[in-house]
1. R84 versus (1) touching a helix residue (DSSP H, G or I) at 6+ places or on another chain (Cβ under 6 Å); (2) open to solvent by less than 50 Å² (accessible area, probe 1.4 Å); (3) among the basic types (K, R): which is the lone unmet condition?
2. Please determine whether any residue of the stretch 103-118 is open to solvent by 10 Å² or more (accessible area, probe 1.4 Å) and under 22 Å from K244 (Cβ atoms).
3. What do you reckon, is I60 touching a residue at least 12 places away in the same chain (Cβ under 8 Å) and either open to solvent by 40 Å² or more (accessible area, probe 1.4 Å) or of a type in the set (D, E) (or both)?
4. Any residue at all in the stretch 126-136 that's open to solvent by 10 Å² or more (accessible area, probe 1.4 Å) and assigned to a helix (DSSP H, G or I)?
5. So, in the stretch 38-47, exactly how many residues are crowded, with 16+ Cβ neighbours inside 10 Å and touching a residue at least 60 places away in the same chain (Cβ under 8 Å)?
6. Go through the stretch 47-105 and report how many residues are in a helix (DSSP H, G or I), farther than 22 Å from Q118 by Cβ and touching a Ser or Thr at 6+ places or on another chain (Cβ under 6 Å).
7. Could you list, ordered by first residue, the pairs with Cβ atoms under 8 Å in which the first is in the stretch 79-105 and within 18 Å of I145 (Cβ to Cβ) and small (G, A, S) and the second is part of a helix (DSSP H, G or I) and open to solvent by 50 Å² or more (accessible area, probe 1.4 Å), at least 6 apart or interchain?
8. Mind checking which residues of the stretch 191-215 are under 22 Å from R75 (Cα atoms) and open to solvent by 40 Å² or more (accessible area, probe 1.4 Å)?
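The values are calculated or read from the model by the stated rules, or taken from the named source; none is laboratory data. Given the structure is predicted, the values throughout are model-derived calculations rather than measurements. Here the Cβ positions follow ideal geometry from the backbone for every residue, glycine too, while neighbour counts run over all protein chains shown. Surface accessibility is based on the protein's heavy atoms, side chains included, excluding ligands, DNA and RNA. Shrake-Rupley method; radii C 1.70, N 1.55, O 1.52, S 1.80 Å.
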Amino acid sequence: MLSPERLSLPGLEYLAQRHVLTYMEDAVSQLLENREDISQYGIARFFTEYFNSVRQGTHILFREFSFVQATPHNRASFLRTFWRCFRTVGKNGDLLTAQEYHCLLQLLCPDFPVELTQKAARIVLMDDAMDCLMSFSDFLFAFQIQFYYSEFLESVAAIYQDLLAGKNPNTVIVPTSSSGQHRQRQPPNDCSPLDGVEASLFYQCLESLCDRSKYSCPPSALVKEMLSSAQRLTFYGFLMALAKDQGINRALGALPDKGDLFVDPAMDQELEKLLPTICLFSFRVAQVSGLSISGPTSSSGDAANLPVRPSPRINSPWKPLHHRRKMDTESEGSNEETDSSEN
């Protein structure tokens, strides 16, 4: 059934809002890059498989970071996949360092930037002690905020620094990109950075940012409710509050509540189906990069002890389709073999 929102928006505006052109461009690029293989089972089937994978959220597996972070749906899909693949780390009570969590992220996205992992770790640790251990749930919810709202948080950091410098909130320039251009600031006031900034003043600036920003922002009503009980707050205190707020987590919709993070029998069955694919691609990455991977979900953290190395681009998830097609052809007339090839 068509949603009222879809019917109320002009066609081009709806396509832009849903990032349909991003997926069409990627699909056509994949088609042209692999047209000889795709021609064996048809273009129509390729597009069907591609957009089914987008709908299911598996399209981001082993893709380059530029694609993983290209749309809000891609980011939510990556968060959900990371949780599903490695939640046994938390279920077993293992504690890992930021470097080890980054290695787990690289198993799903080989060129995932270490800076994002370090920023997420600082939300948990509140300092630069990157070798400290973190629980899976603490890191996951901090990583969710840092990854999904990365552009928003860059703008928040600039606003926070302006407020610390004593700049009038009515004249705060809302950043619209991460160009990193330097701006002149007024001399700092008597407020110590350790004391943070006034919460009500800070929220006024954030509300204006959310109204103007073209990037994903947390719901302003939830942010207002979160800040209503505080008089002053620091930047990392704000980030920690975002990471712990279950209302914001539900609004984002990628992860369950913290209490349900490790309870999902149905998801365990899905994970069993996904693990062979992850192991296969991780092994291929290891072969190309010269690494030794024993398994992506090792509860002892063996996979997380891998060194960080630049990895080549991994083929997109449609390629197993061609592999399955070959197996289907070879096993015609045998339902038993066909079933095993689909698992």
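1. Among (1) touching a helix residue (DSSP H, G or I) at 6+ places or on another chain (Cβ under 6 Å); (2) open to solvent by less than 50 Å² (accessible area, probe 1.4 Å); (3) among the basic types (K, R), R84 violates only (2).
2. yes
3. No.
4. Taking the stretch 126-136 as the starting set, the residues that turn out to be open to solvent by 10 Å² or more (accessible area, probe 1.4 Å) are 126-133, 135.
From what's left, assigned to a helix (DSSP H, G or I): none.
No; the residues of the stretch 126-136 include none that is open to solvent by 10 Å² or more (accessible area, probe 1.4 Å) and assigned to a helix (DSSP H, G or I).
5. Narrowing the stretch 38-47 to residues crowded, with 16+ Cβ neighbours inside 10 Å: 38, 41, 46-47.
Okay, now just the ones that are also touching a residue at least 60 places away in the same chain (Cβ under 8 Å), so 38, 41, 46.
Residues flagged as crowded, with 16+ Cβ neighbours inside 10 Å and touching a residue at least 60 places away in the same chain (Cβ under 8 Å) within the stretch 38-47 amount to 3.
6. Qualifying residue count, the stretch 47-105: 2.
7. Note: pairs meeting the criteria are A98/Q118.
8. D211, R212, K214, Y215
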